[in-house]
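A short worksheet on the structure shown next.
No value in this document is a laboratory result; all are computed from the given coordinates. Only a predicted model underlies this, so the values are computations on that prediction, with no experimental measurement involved. So basically every Cβ, Gly included, is an ideal-geometry build from the backbone, and we count neighbours across all protein chains shown.
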Amino acid sequence: MSKIKLPSIGAIYIFLICAVLYAPIILLIIFSFNNGTSLVFPLKGFTLQWYQKLGENAEMLSAVQNSFLIGFGSSLLATILGTMGAIAIARFNLPGRGLFLAVSTMPLVIPYVILGVSLLILFKEVGIPLSAFSAGLAHVIISIPYAMLIVSSRLVGFPNNLEEAAMDLGASYWEALLRVTLPIISPALLAAFLLCFTMSFDEFAIASFLVGTDTTLPVYMYSQLRFPTRLPMVIAMAAIIMTLTMSSMLISEWLRRSGQPPTRK
Amino acid sequence: MENRSRFTTLIMPPAIYLFLLFLLPLGVMLVFSFRAGTTGAAHNIFTLNNYRAFLENSSFQRLLWRSAGISFTISIISIILAYPIAYYLAFRAGVNKSILMTLIIVPTWTSYLLRIFAWKLMLGSTGVLNSILLSTGIIEQASPILIYSRTAVVVTLIYVWVPFVMLPIFSSLERIDRNLLEAAADLGCASWESFLRVTLPLSMPGVVAGFFFAFIPTLGEFVTPLLVGGAQGSMYGNLIQDQFMRALNWPMGSVMSLAMLAVVFILMFLLTRLGPLSELLEL
């Protein structure tokens, strides 16, 4: 209850936690500028060669491309399906709601290794070849719960009387949804898409079982971790991706908050 | 009636997708666990042998329990480390709340693989910790004490999960009605007493959710043990991955996966006795 501004034990603790959280990342960034192939101290001087060489690495670029395709496709589908589910559970209280809610959030409590191997078995039994496509199908499953939670928390925040007003003025239910509801919740839709994209882009465990030969960036990175001399380049790539991810997540977070009604105290 | 058809139209596409690519694969895996072989003639023979082999092989079960133990340790330590952060953010940070929150979450947006790999650099024999210890003269010779051990897996995964565990604890602390704490103070509660008897019990849903946030992914973890765990730090997830990618004994892998699912569900069941599930998942 005191108002004195001295570094409290709590503030010191937060500072220490942040130091530990950032140390490994700073370490990686330092090595991406280090003029040497082995990741050991002392450093060998500053270089930009790892960043310059990125463009020549066709294998890595195609992995990045695959990750983008899987991320984009799976997030788009997950956002559409998640939004439909969110509208259904936020606006209607009919039989089936509870069951749907339970099943659609269940992927949150299943270890990824199990989701990966169960889909591997299914694809093999049905005869679907492993590819970027099959990994994308799997990423939709892990993304749906997050998309649904983000969109439904936005829907709960605004009452459905605007939809009703639109319908009183002659719009059909679906017109009201498309032309009134969706524009209002569009920040949440974009936030959901960006979060799903980020998750898919960085997902390794499921992708490692399902991508076949369409290597994604995490799968490629993992294969490179065994060859120490190629690591500085992998780290340089990761530093670029990290910058992009941070920007996209900050935008997503900002959208989610700006779309949110003022929270109760 | 109209509502019913709208509801059905909205819910059908996601429901069908979830059925085909989430429930159906789990069902197919259950069927596969009875098959005698991954391919060929044995594929069409159904048997209980896989289950028998699993139950008779005590090393599988030991690894499952050991992994559950490791995940449990990781989750509990993560909660202990994350609770003060959440508490500080919720009650003490004031105007800096959202800045500090962002600061703690940002590291989690770095590539998961590389964050784990960074710990390999930190813990390894040529790593940062050893360099520091050597240069300060605390140790004479570089030693790979921390790398390739169960401790390395635990340390690395705690690093990964603390920020995620913090989130649900924070949101449950945020929901606590501040008037309750004032009332406790007015009624003569010391601050530690009102923490123990008001704040802590009311934040339990967040703590339980945080536990699951860390426990479930770490139980299925196979990448971290491969990178920093070595032979000593191998976990149950590695066993499953091996069955599918190397040993190619998919039926056995299915049995192992189902055993892991059983552990998850039993634990969920026990812990959700503490409160309604929707509250735990913050729905």
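With a 10 Å cut-off around each Cβ of A:21-30, the average count of Cβ atoms from other chains is 6. The packing ranking of peptides B:216-227, B:66-77, B:93-104, highest mean first, is B:216-227, B:66-77, B:93-104, where packing means the average number of other beta carbon atoms within 10 angstrom of each residue. Counting beta carbons within 10 Å around each of A:Thr213, A:Thr198 and listing the fewest first gives the order A:Thr213, A:Thr198. Taking a ≥ b ≥ c as the square roots of the eigenvalues of the alpha-carbon gyration tensor, segment B:46-189 is classed oblate because a/c is 1.5 or more while a/b is no larger than b/c.
If r is the Cβ-Cβ distance from A:Tyr173 to B:Leu20 and R0 is 25 Å, what FRET efficiency results, to the nearest 0.05?
0.40
Full extension of the chain between B:Ile76 and B:Leu271 gives 68.8 nm of extra length, using 0.36 nm per residue less the Cα-Cα distance. Label-to-label distance, B:Asn57 versus B:Ile45, with points set 7 angstrom from Cα along the beta-carbon direction: 1.8 nm. Comparing B:Tyr17, B:Tyr51, B:Tyr236 in a Gaussian network model of chain B, where Cα atoms under 10 Å apart are tied by springs, the biggest mean-square fluctuation is seen for B:Tyr17. The simple Förster model, with R0 at 22 Å and r as the Cβ-Cβ distance, assigns B:Met245 and A:Leu99 a FRET efficiency of 0.05. Given the -39500 (n - 2.57) contribution per DSSP H run of 4+ residues, what per-residue ellipticity at 222 nm results for chain B, rounded to the nearest 500 deg cm²/dmol? After summing the helix terms and dividing by residue count, I get -20500 deg cm²/dmol.
Within 10 Å of the Cβ of each residue in A:99-109, the mean number of Cβ atoms contributed by other protein chains is 5.
As a length-normalised measure over Cα pairs under 8 Å and 6 or more apart, the relative contact order of segment B:1-135 settles at 7 percent. The distance from the alpha carbon centre of segment B:14-34 to that of segment B:39-58 is 20 Å, rounded to a whole number.
Need one word for chain A: rounded, prolate or oblate. Basis is the Cα gyration tensor (sqrt eigenvalues a ≥ b ≥ c); a/c below 1.5 gives rounded, then a/b vs b/c decides. In terms of gyration-tensor shape, oblate. Each Cα pair under 8 Å and six or more residues apart adds its sequence gap; the mean of these over the residue count of chain B is a relative contact order of 25 percent. Note on A:Thr37 and B:Ile138: with the Förster distance fixed at 41 Å, the Cβ-Cβ geometry gives a FRET efficiency of about 0.90. Ordering B:159-167, A:103-111, A:10-18 by mean Cβ neighbour count within 10 Å, with the highest value first, yields B:159-167, A:103-111, A:10-18. Segment B:155-232 and segment A:71-118 have Cα centres spaced 25 Å apart.
In this rough spin-label picture, where each label sits 7 Å from Cα along the Cβ direction, the A:Met106-B:Cys189 distance is 4.0 nm.
Label chain B by shape, choosing from rounded, prolate and oblate, from the square roots a ≥ b ≥ c of the eigenvalues of the Cα gyration tensor; if a/c is under 1.5 it is rounded, and otherwise prolate applies when a/b is larger than b/c, oblate when it is not. Cα axes put chain B in the oblate bin.
The order of A:Phe123, A:Phe72, A:Phe209, A:Phe46, going from fewest to most other C-beta atoms within 10 Å of their C-beta, is A:Phe46, A:Phe72, A:Phe123, A:Phe209. Shielding of peptide B:25-31 by partners, expressed as the average count of other chain Cβ atoms within 10 Å per residue Cβ, is 6. Shown for the protein assembly as shown: lysine pairs separated by 8 or more places, or found on different chains, whose C-alpha atoms are under 25 Å apart, numbering 8.
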